[in-house]
1. For TYR119, state whether it is out of contact with any Leu (no Cβ under 8 Å at 6 or more places or on another chain), at pLDDT below 95 and either farther than 19 Å from GLU247 by Cα or buried (at least 22 other Cβ atoms within 10 Å of the Cβ) (or both).
2. Keeping to segment 245-256, report how many residues are open to solvent by 20 Å² or more (accessible area, probe 1.4 Å) and in contact with an Asp or Glu (Cβ under 9 Å, 6 or more places away or on another chain).
3. Tell me the residue from ALA8, ALA18 that is over 19 Å from ILE241 (Cα atoms) and in contact (Cβ under 8 Å) with a residue 60 or more places away in the chain, please.
4. Could you say whether any residue in segment 197-205 is in a loop (DSSP other than H, G, I, E, B), in contact (Cβ under 8 Å) with a residue 40 or more places away in the chain and under 16 Å from the mean Cα position of the chain (by Cα)?
5. Determine if segment 88-105 includes at least one residue that is open to solvent by 10 Å² or more (accessible area, probe 1.4 Å), part of a strand (DSSP E or B) and of a type in the set (D, E, K, R).
6. Go through the residues of segment 39-58 one by one and say whether even a single one is touching a Ser or Thr at 6+ places or on another chain (Cβ under 9 Å) and within 25 Å of VAL170 (Cβ to Cβ).
7. Starting from segment 256-279, take each residue that is within 19 Å of ILE222 (Cβ to Cβ) and list its partners that are among the charged types (D, E, K, R) and outside any helix (DSSP H, G or I), counting only C-beta distances under 6 angstrom and pairs at least six apart or across chains.
8. State all residues of segment 255-276 that are of a type in the set (Asp, Glu) and part of a helix (DSSP H, G or I); if no residue qualifies, say none.
Amino acid sequence: MTKHYKVAGHTFAVSGQAGFFELMGNYEPFECEGGEPLFSLTVECGVVPEYTEEYRQEESRGTIIYSYGHDASGNYVFEEIRKESKGCLICSKDCREGRLIMTSDISTFIFEHLMMLMYALATAGSDTLVLHAVVVSCEGKGYIFLGPCRTGKSTHARLWLLHVEGTKLVNDDFPVVRGGMVYGSPWGSFNTPCYRNVSYPIGGIVSLSQASCNKIHRISGIETYLTLYCRDIFSFWGYSIPEDIAEGMHQTKDKLAQTIPMWHLECLPDEAAARLCHETIMNDGM
(Lines give C-alpha, C1' and ligand atoms only; values in the text may rest on other atoms or scores of the structure.)
Protein backbone atom coordinates (compact mmCIF):
# COMPACT_ATOMS: atom_id res chain seq x y z
CA MET A 1 0.00 0.00 0.00
CA THR A 2 1.03 3.62 -0.53
CA LYS A 3 0.18 6.74 1.44
CA HIS A 4 1.04 10.39 0.85
CA TYR A 5 2.05 12.93 3.46
CA LYS A 6 2.76 16.66 3.43
CA VAL A 7 5.19 18.27 5.88
CA ALA A 8 6.12 21.97 5.58
CA GLY A 9 4.55 22.02 2.13
CA HIS A 10 6.60 19.08 0.81
CA THR A 11 4.59 16.04 -0.32
CA PHE A 12 6.17 12.59 -0.16
CA ALA A 13 4.97 9.03 -0.74
CA VAL A 14 5.61 6.01 1.48
CA SER A 15 5.00 2.44 0.27
CA GLY A 16 5.16 -0.79 2.22
CA GLN A 17 3.20 -3.50 3.97
CA ALA A 18 0.34 -2.46 6.23
CA GLY A 19 2.30 -3.37 9.37
CA PHE A 20 4.75 -0.53 8.82
CA PHE A 21 1.95 2.02 8.75
CA GLU A 22 0.93 0.85 12.22
CA LEU A 23 4.22 2.44 13.37
CA MET A 24 3.22 5.73 11.72
CA GLY A 25 0.32 6.95 13.84
CA ASN A 26 2.19 10.22 14.37
CA TYR A 27 2.03 10.83 10.61
CA GLU A 28 -1.79 10.77 10.45
CA PRO A 29 -2.23 14.57 10.90
CA PHE A 30 0.04 15.02 7.85
CA GLU A 31 -1.63 12.53 5.51
CA CYS A 32 -2.88 14.03 2.25
CA GLU A 33 -4.73 12.88 -0.87
CA GLY A 34 -1.71 12.70 -3.13
CA GLY A 35 -0.03 14.96 -5.65
CA GLU A 36 3.42 14.91 -7.19
CA PRO A 37 5.77 13.72 -4.43
CA LEU A 38 9.11 15.37 -3.82
CA PHE A 39 10.39 11.89 -3.02
CA SER A 40 9.13 8.32 -2.77
CA LEU A 41 10.22 5.91 -0.06
CA THR A 42 9.74 2.14 0.03
CA VAL A 43 9.84 0.47 3.46
CA GLU A 44 10.71 -3.21 3.76
CA CYS A 45 12.28 -5.84 6.00
CA GLY A 46 15.53 -7.37 4.86
CA VAL A 47 19.28 -7.39 5.20
CA VAL A 48 21.52 -4.35 5.09
CA PRO A 49 23.32 -4.58 1.73
CA GLU A 50 27.05 -4.27 1.26
CA TYR A 51 28.36 -0.75 0.85
CA THR A 52 31.60 1.21 1.04
CA GLU A 53 31.77 2.95 4.39
CA GLU A 54 33.04 6.53 4.34
CA TYR A 55 32.19 7.68 7.85
CA ARG A 56 31.43 5.94 11.14
CA GLN A 57 30.57 7.22 14.61
CA GLU A 58 30.00 5.13 17.71
CA GLU A 59 28.25 6.27 20.88
CA SER A 60 27.44 4.71 24.27
CA ARG A 61 30.40 2.32 24.05
CA GLY A 62 29.45 1.09 20.64
CA THR A 63 25.78 0.36 21.38
CA ILE A 64 24.71 3.08 18.93
CA ILE A 65 26.47 3.28 15.57
CA TYR A 66 25.90 5.73 12.71
CA SER A 67 27.54 4.88 9.41
CA TYR A 68 27.50 6.58 6.01
CA GLY A 69 28.79 5.49 2.60
CA HIS A 70 27.70 4.47 -0.88
CA ASP A 71 26.82 1.26 -2.69
CA ALA A 72 28.12 -0.05 -6.00
CA SER A 73 25.55 2.04 -7.92
CA GLY A 74 26.62 5.27 -6.22
CA ASN A 75 23.54 5.57 -4.02
CA TYR A 76 23.93 7.07 -0.56
CA VAL A 77 23.70 4.55 2.27
CA PHE A 78 23.00 5.54 5.89
CA GLU A 79 23.04 2.78 8.50
CA GLU A 80 21.98 2.91 12.14
CA ILE A 81 22.57 0.19 14.71
CA ARG A 82 21.04 0.15 18.21
CA LYS A 83 21.74 -2.93 20.30
CA GLU A 84 20.35 -5.85 18.29
CA SER A 85 18.43 -3.75 15.74
CA LYS A 86 19.69 -2.50 12.42
CA GLY A 87 18.25 -0.34 9.71
CA CYS A 88 19.53 1.48 6.68
CA LEU A 89 18.41 4.10 4.20
CA ILE A 90 19.47 3.76 0.59
CA CYS A 91 18.95 7.08 -1.17
CA SER A 92 19.40 7.88 -4.86
CA LYS A 93 21.90 10.60 -5.82
CA ASP A 94 19.08 13.06 -6.58
CA CYS A 95 17.28 12.15 -3.31
CA ARG A 96 14.05 11.42 -5.18
CA GLU A 97 13.93 7.68 -4.45
CA GLY A 98 14.71 5.82 -1.26
CA ARG A 99 14.55 2.38 0.33
CA LEU A 100 14.29 2.01 4.10
CA ILE A 101 15.36 -1.50 5.12
CA MET A 102 14.72 -2.76 8.65
CA THR A 103 15.97 -5.97 10.19
CA SER A 104 13.43 -8.42 11.62
CA ASP A 105 13.89 -6.81 15.07
CA ILE A 106 12.27 -3.47 14.25
CA SER A 107 13.36 -0.48 16.35
CA THR A 108 10.88 2.40 16.38
CA PHE A 109 13.78 4.79 17.03
CA ILE A 110 15.67 3.64 13.95
CA PHE A 111 12.52 3.64 11.82
CA GLU A 112 11.70 7.23 12.83
CA HIS A 113 15.27 8.45 12.40
CA LEU A 114 15.65 7.03 8.91
CA MET A 115 12.25 8.34 7.82
CA MET A 116 13.24 11.81 9.00
CA LEU A 117 16.66 11.48 7.41
CA MET A 118 15.14 10.82 3.98
CA TYR A 119 12.96 13.91 4.33
CA ALA A 120 15.93 16.06 5.38
CA LEU A 121 18.07 14.83 2.48
CA ALA A 122 15.35 15.44 -0.10
CA THR A 123 14.47 18.95 1.15
CA ALA A 124 17.98 20.26 1.91
CA GLY A 125 18.11 22.26 -1.32
CA SER A 126 14.60 23.71 -0.88
CA ASP A 127 15.17 26.34 1.82
CA THR A 128 14.17 23.70 4.36
CA LEU A 129 15.85 22.62 7.58
CA VAL A 130 14.94 19.99 10.18
CA LEU A 131 16.16 21.33 13.52
CA HIS A 132 16.83 19.70 16.86
CA ALA A 133 14.78 22.22 18.84
CA VAL A 134 11.57 22.90 20.73
CA VAL A 135 8.96 25.32 19.38
CA VAL A 136 6.07 27.14 21.00
CA SER A 137 3.53 29.51 19.47
CA CYS A 138 2.44 32.77 21.08
CA GLU A 139 0.47 35.70 19.68
CA GLY A 140 0.46 34.23 16.18
CA LYS A 141 4.19 33.53 15.86
CA GLY A 142 6.52 30.60 16.50
CA TYR A 143 9.48 30.78 18.86
CA ILE A 144 12.32 28.29 18.54
CA PHE A 145 14.40 27.18 21.54
CA LEU A 146 17.83 25.74 20.68
CA GLY A 147 20.56 24.15 22.76
CA PRO A 148 22.48 20.93 23.34
CA CYS A 149 20.75 17.95 24.92
CA ARG A 150 19.77 18.43 28.56
CA THR A 151 20.07 22.22 28.53
CA GLY A 152 16.39 22.61 29.35
CA LYS A 153 14.67 23.32 26.02
CA SER A 154 11.58 21.29 26.90
CA THR A 155 11.58 22.63 30.45
CA HIS A 156 11.71 26.23 29.23
CA ALA A 157 8.88 25.53 26.78
CA ARG A 158 6.76 24.09 29.62
CA LEU A 159 7.42 27.25 31.64
CA TRP A 160 6.03 29.31 28.77
CA LEU A 161 2.98 27.04 28.65
CA LEU A 162 2.43 27.55 32.38
CA HIS A 163 3.18 31.24 32.73
CA VAL A 164 2.79 32.97 29.34
CA GLU A 165 -0.86 33.25 28.38
CA GLY A 166 -1.81 31.94 24.96
CA THR A 167 1.27 29.75 24.51
CA LYS A 168 0.91 26.37 22.79
CA LEU A 169 3.46 23.65 22.07
CA VAL A 170 4.19 23.23 18.35
CA ASN A 171 6.86 20.49 18.45
CA ASP A 172 9.06 19.07 21.19
CA ASP A 173 12.12 17.83 19.30
CA PHE A 174 12.30 18.10 15.50
CA PRO A 175 10.39 21.00 13.93
CA VAL A 176 10.87 22.02 10.30
CA VAL A 177 11.87 25.52 9.19
CA ARG A 178 11.11 26.73 5.67
CA GLY A 179 11.05 30.20 4.18
CA GLY A 180 10.70 32.15 7.41
CA MET A 181 8.05 29.79 8.77
CA VAL A 182 8.30 27.07 11.41
CA TYR A 183 6.19 23.94 11.04
CA GLY A 184 5.09 21.13 13.28
CA SER A 185 6.25 17.71 12.12
CA PRO A 186 5.52 14.00 12.63
CA TRP A 187 8.85 13.70 14.45
CA GLY A 188 9.43 14.53 18.09
CA SER A 189 10.15 13.34 21.57
CA PHE A 190 8.57 10.05 22.62
CA ASN A 191 8.36 11.51 26.12
CA THR A 192 6.34 14.53 25.01
CA PRO A 193 4.50 13.51 21.83
CA CYS A 194 3.36 16.55 19.87
CA TYR A 195 2.66 15.99 16.18
CA ARG A 196 0.66 19.03 15.09
CA ASN A 197 0.18 19.97 11.45
CA VAL A 198 0.48 23.72 12.06
CA SER A 199 2.75 26.54 10.93
CA TYR A 200 3.71 30.01 12.17
CA PRO A 201 5.91 32.89 11.05
CA ILE A 202 9.14 32.69 13.05
CA GLY A 203 9.11 35.38 15.73
CA GLY A 204 12.57 34.60 17.02
CA ILE A 205 15.17 31.99 17.89
CA VAL A 206 16.54 31.63 21.42
CA SER A 207 19.71 29.72 22.27
CA LEU A 208 19.54 28.39 25.85
CA SER A 209 22.24 27.65 28.38
CA GLN A 210 22.00 26.80 32.07
CA ALA A 211 23.18 29.45 34.53
CA SER A 212 22.92 30.59 38.14
CA CYS A 213 20.79 33.60 37.18
CA ASN A 214 18.58 34.73 34.32
CA LYS A 215 20.14 36.93 31.62
CA ILE A 216 19.30 37.47 27.97
CA HIS A 217 20.94 39.41 25.16
CA ARG A 218 20.47 39.82 21.43
CA ILE A 219 23.07 38.15 19.19
CA SER A 220 24.06 39.00 15.63
CA GLY A 221 26.67 38.40 12.95
CA ILE A 222 28.68 35.20 12.97
CA GLU A 223 27.28 34.26 16.38
CA THR A 224 23.83 33.79 14.85
CA TYR A 225 25.16 31.36 12.24
CA LEU A 226 27.14 29.44 14.86
CA THR A 227 23.94 29.18 16.92
CA LEU A 228 22.37 27.23 14.06
CA TYR A 229 25.48 25.40 12.89
CA CYS A 230 25.18 22.26 15.05
CA ARG A 231 21.41 22.20 15.45
CA ASP A 232 20.28 20.38 12.31
CA ILE A 233 19.56 16.67 12.59
CA PHE A 234 22.68 15.59 10.71
CA SER A 235 24.96 17.38 13.16
CA PHE A 236 22.85 16.21 16.09
CA TRP A 237 23.22 12.54 15.14
CA GLY A 238 26.82 12.88 13.98
CA TYR A 239 26.19 11.91 10.35
CA SER A 240 28.60 13.05 7.66
CA ILE A 241 26.63 14.09 4.56
CA PRO A 242 27.41 14.71 0.88
CA GLU A 243 28.86 18.14 0.06
CA ASP A 244 26.02 19.26 -2.23
CA ILE A 245 23.43 18.50 0.46
CA ALA A 246 25.55 20.22 3.10
CA GLU A 247 25.78 23.31 0.88
CA GLY A 248 21.99 23.53 0.61
CA MET A 249 21.70 23.40 4.39
CA HIS A 250 24.44 26.03 4.77
CA GLN A 251 22.50 28.43 2.55
CA THR A 252 19.32 27.92 4.59
CA LYS A 253 21.16 28.52 7.88
CA ASP A 254 22.85 31.60 6.49
CA LYS A 255 19.51 33.03 5.37
CA LEU A 256 17.96 32.37 8.78
CA ALA A 257 20.91 34.01 10.53
CA GLN A 258 20.49 37.14 8.41
CA THR A 259 16.71 37.48 8.61
CA ILE A 260 15.46 36.07 11.94
CA PRO A 261 16.14 37.80 15.29
CA MET A 262 18.08 35.66 17.78
CA TRP A 263 18.90 35.82 21.46
CA HIS A 264 21.04 33.94 23.97
CA LEU A 265 19.25 33.17 27.24
CA GLU A 266 21.27 32.12 30.28
CA CYS A 267 18.66 30.81 32.65
CA LEU A 268 17.36 28.90 35.60
CA PRO A 269 14.43 26.48 35.20
CA ASP A 270 11.95 28.94 36.70
CA GLU A 271 9.01 31.21 35.94
CA ALA A 272 11.19 34.31 35.93
CA ALA A 273 13.26 32.93 33.04
CA ALA A 274 10.17 32.36 30.92
CA ARG A 275 8.79 35.82 31.65
CA LEU A 276 12.15 37.50 30.98
CA CYS A 277 12.52 35.65 27.68
CA HIS A 278 8.95 36.39 26.57
CA GLU A 279 9.02 40.07 27.48
CA THR A 280 12.45 40.65 25.92
CA ILE A 281 11.79 39.08 22.55
CA MET A 282 8.30 40.55 22.28
CA ASN A 283 9.71 44.07 22.81
CA ASP A 284 13.13 43.70 21.19
CA GLY A 285 11.94 41.66 18.24
CA MET A 286 9.48 44.21 16.92
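The values are calculated or read from the model by the stated rules, or taken from the named source; none is laboratory data. Computed from a predicted structure; not experimentally measured. Reconstructed Cβ throughout: ideal geometry from the backbone, glycine too, with neighbour counts over all protein chains shown. All accessible areas refer to the heavy atoms of the entire protein, side chains included, with ligands and DNA or RNA removed. Shrake-Rupley method; radii C 1.70, N 1.55, O 1.52, S 1.80 Å.
1. no
2. Restricting attention to segment 245-256, the residues satisfying the condition of being open to solvent by 20 Å² or more (accessible area, probe 1.4 Å) are 246-247, 250-251, 254-255.
Going one step further and asking which of them are in contact with an Asp or Glu (Cβ under 9 Å, 6 or more places away or on another chain), we end up with 251, 255.
The number of residues fulfilling the criteria is 2.
3. Matching residue, one of ALA8, ALA18: ALA8.
4. yes
5. Checked against the condition, which is being open to solvent by 10 Å² or more (accessible area, probe 1.4 Å), part of a strand (DSSP E or B) and of a type in the set (D, E, K, R), segment 88-105 yields at least one hit.
6. yes
7. TRP263/ARG218
8. Here is the first cut: in segment 255-276, the residues of a type in the set (Asp, Glu) are 266, 270-271.
Listed by number, the list holds a single entry, GLU271.
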